[in-house]
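Working notes, structure below.
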Amino acid sequence: MEKLKILNMNFSFQRAAHYHINGGMLLMGVVLLAMLLANSPWGDAYASFWNYEVHLQIGEFNFFSHNGHHMTLMTFINDALMAVFFFSVGLEIKREILVGELSSFRQALLPIVAACGGMLAPVLIYYFMTAGTPAQSGLAIPMATDIAFSLGVLSLFGKRVPLSLKVFLTAFAVVDDIGGILVIALFYSSHLAVDYLIVSVGILLILCGGNFFQVRNRWFYIFWGVILWYLFLQSGIHATIAGVVAAFTVPATPHYKIGKYINRIRENIAVFPASDKESIVLSKMQINVLKSIESSSDRVISPLQSLEDSLHGMVNYIILPLFAFANAGISLTADHGGIEVGAPTWAVMTGLLVGKFAGIYFFTWLVIKTGFAGLLKGMTWVNLTGICLLGGIGFTVSLFIANLSFGDSPVLLTQAKMGVILGTVLAGTLAYLVLQFALPKEPVQE
């Protein structure tokens, strides 16, 4: 049974990594397309397109509005669609804590410590480079690692990459996501509306009650999660946090235990006669048995895993590419005719390229040298260098935090986005060169 559990965990990891890798490749193409459009003769049309208003309206009530202001297409993507992304992230975090690489202290210690270093060092570098300037408020921008982009780069090496490196990268990227979520919740909420907060607490209690009373209907959590999102949007707490909060209430236990399911399958299969001859006509009883098996199969998958699996495709192939297409289209030419760079550009780029590498590598070295953890199987100090550089690929959450930090200052926002793009490209390129040298030339036997 323990071996089966390990195999299932490995399959779940590989399936999720497959989505992340393909999504990362798609993101690279979308970013390039957005940059080309923004700096083409159609640049003005591209920029103005995102200002169209979005309506889901009944009478005078528009569901996609905030304090009486209708959402634009840009805010709809950043505040509504990205809430679905953070809901997916929340499900992934909960799974990792329950049964994944963060489920035990020994497993979790190395990536958690590495992620803490990878968040602290970039923030300190950014602070020292921007202290006392208007750019200082963006110090959280370089603290995040983009799991899709980083796994996408790692996938270029195919089976030459030991599984331990993929797991380590994924685990500390998940911890990075937790840090980013906490930063958004604590520092990017303002003008709290108490009445909406009180109602949102009531909705949260309903969600928790559903978990406690073992309500396993996915639509229960989706419906109340959407209501919670709207209340958070109006309350002043950033709306995407509703996605994470709702995700943590989704049950992780299935309706049927796997043993009960297998026994039921065996009983149902017995009604089909053992014969080499195929029958194209089934009896009414056999049809009902097959329907029962299908229904049981749905109930043996927990709502958490079912939702996570269902959302992977939409998040990686629709939501994140849309977010990238809307936010990565940076006009390279400033009003003065040169490239639009400034203090946020250099601080974000240095934080991602130098800070992420130094923080992840030094904290990993420290926890290993002090004896609290050891190098994982297949991990060396040389290939670890490449993985630490991959930590500097901070695209999605970095751009998201940049929007929150400089949403009212277009110039600083463009400069910060430029830093994210430059830091991501340089970190990814250096990581590729190091791993090309460090990884074995032949496929690794796991």
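The values are calculated or read from the model by the stated rules, or taken from the named source; none is laboratory data. Here the structure is a predicted model, which means the values were calculated and not measured. Glycine also receives a Cβ, built like all others from the backbone with ideal geometry; neighbour counts cover every protein chain displayed. Note: accessible area is taken over every heavy atom of the protein model, side chains too, but ligands, DNA and RNA are not part of it. Shrake-Rupley method; radii C 1.70, N 1.55, O 1.52, S 1.80 Å.
Brief remarks on what is shown
- ASP146, ASP408, reordered so the largest accessible area comes first (probe 1.4 Å): ASP408, ASP146
- Legend: calculated FRET efficiency, SER331 to PHE212, from the Cβ-Cβ distance at R0 = 51 Å, rounded to 0.05, equals 0.50.
- For the range 403-446: rounded, prolate or oblate by the Cα gyration tensor [a/c cutoff 1.5]: prolate
- Inter-label distance, nm, simple model (7 Å from Cα along the C-beta direction), SER48/LEU366: 5.3
- Pair LEU375, VAL444: separation of 7 Å Cα→Cβ label points (nm): 1.2
- Tensor-based shape of the chain (alpha-carbon gyration tensor, a/c under 1.5 rounded, otherwise prolate or oblate): oblate
- Overall form of the range 160-242: oblate. Here a/c, set by the Cα gyration tensor axes a ≥ b ≥ c, is 1.5 or more, and a/b is not larger than b/c.
- Residue order by solvent-accessible surface for TRP365, TRP219 is TRP219, TRP365, largest first, with ligands and nucleic acids left out and a 1.4 Å probe.
- For the set LYS159/LYS356; LYS94/LYS377; LYS166/LYS377; LYS159/LYS377, the pairs lying more than 20 angstrom apart at their alpha carbons are LYS159/LYS356; LYS94/LYS377.
- Between helix 396-406 and the chain there is an angle of about 40 degrees, using the helix long axis and the longest principal axis of the Cα atoms.
- Whole-number accessible area per residue in Å² for the chain, which is evaluated in the context of all protein chains at 1.4 Å: 49
- Measuring with a 1.4 angstrom probe and ignoring ligands and nucleic acids, LYS94 comes out at about 30 Å² accessible.
- Largest GNM mean-square fluctuation across VAL84, VAL199, VAL289, computed for the chain with C-alpha springs under 10 Å, falls on VAL289.
- Sites ASN39 and ASP309 - FRET efficiency at Förster radius 56 Å, r taken between beta-carbons, to 0.05: 0.90
- Annotation: extensible slack from ILE262 through LYS284 equals 5.7 nm (criterion: 0.36 nm per residue apart, minus Cα-Cα distance).
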